[in-house]
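Chemist: What follows is a single structure, and I will ask about it in a moment.
The values are calculated or read from the model by the stated rules, or taken from the named source; none is laboratory data. Just so it is clear, the structure is predicted and the values come from calculations on it, not from any experiment. Glycine gets a Cβ as well: all are built from the backbone with ideal geometry, and neighbour counts include every protein chain shown.
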């Protein structure tokens, strides 16, 4: 059994083990079903429709960066690639699993896979920064969060500072630094050359201030849309005790946690986080799991759509 298979099985067991525990001991299935009997399905449909804007914002941000490398992808084509990526996100670890497919689909641009990987890394980095900035700003408006959840606030601050320091270090590293290393092994020489190209491409992106501002704008707009999407799910479940402002802190934090490869597609991790969050507002565990199941159902629908695009594309 390969190391990748063992790693996958470990995440599968962790995620579904947590989910099974929550369903059997924390919230009974009949209690979750009772929650869905009172759901506002019009709000559910409205929440799902926001995915259209999310795909459009994501494609626009991605296109801005790709165009910088001379690529000529259309918005509609990039939306299809995003949907295919969402299909692979269903069973690959972390919410970034589908990015591997997106790198492969855009590998024909100038400088190949190295450039397409740099594009995705830069795009994702802008999203993470937007998430952390959104969470930090909203938490400052809710001082009770700082008092009751100081460790979470510190972790957000440390993460944001860590990214800033990483960017500064990356910009300080001179061009061609890795290429100047002397080595006898040909395989190591190839790796260093690839890393040097990767560093140079990212450096071009980071030094292009106009591009950075535009990319961050679309990243921030995307995250605002995501928060509003989750707020509408909360409204569908009639979670009136959770104000809109609190979603701007809790949802970015949840998405940041889901970026770590703990389980498949965040299963179990998402539920555990939501249960802890909903308890703070006086809601039972079944409300949190119902919230999570709606989120999973939306991702499943998008993934199925992406899977169909992938299958028909392969048959062309």
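Chemist: Quick one: residue 70 ticks every box in (1) closer than 26 Å to residue 211 by Cα; (2) touching a helix residue (DSSP H, G or I) at 6+ places or on another chain (Cβ under 9 Å) bar one, so which box is it?
Modeler: Just one mismatch for residue 70, condition (2).
Chemist: In segment 95-111, which residues are over 15 Å from the mean Cα position of the chain (by Cα) and modelled with pLDDT under 85?
Modeler: Answer for segment 95-111, where residues must be over 15 Å from the mean Cα position of the chain (by Cα) and modelled with pLDDT under 85: 110, 111.
Chemist: Follow-up. Report, by residue number, each residue of segment 178-216 that is surrounded by 14 or more Cβ atoms within 10 Å (Cβ to Cβ) and over 22 Å from residue 69 (Cβ atoms). Before you say what the answer is, go through the steps one by one.
Modeler: Pass one, segment 178-216, residues surrounded by 14 or more Cβ atoms within 10 Å (Cβ to Cβ): 178-179, 189, 192-206, 208, 211-212, 214-216.
Within segment 178-216, 189 is the sole residue that qualifies.
Chemist: Moving to a separate point now. Out of all the residues in segment 222-234, which are crowded, with 17+ Cβ neighbours inside 10 Å and touching a residue at least 60 places away in the same chain (Cβ under 8 Å)?
Modeler: 222, 223, 225, 226, 227, 228, 229, 230, 232, 233, listed by residue number.
Chemist: Tell me which of these residue 32 doesn't satisfy, since it passes every other one: (1) within 20 Å of residue 283 (Cβ to Cβ); (2) surrounded by fewer than 16 Cβ atoms within 10 Å (Cβ to Cβ); (3) at pLDDT 75 or above.
Modeler: (2)
Chemist: Here is a follow-up. Residue 82 is checked against (1) farther than 16 Å from residue 228 by Cα; (2) more than 18 Å from the chain's Cα centre (by Cα); (3) in a helix (DSSP H, G or I) and fails just one. What number does that condition carry?
Modeler: (2)
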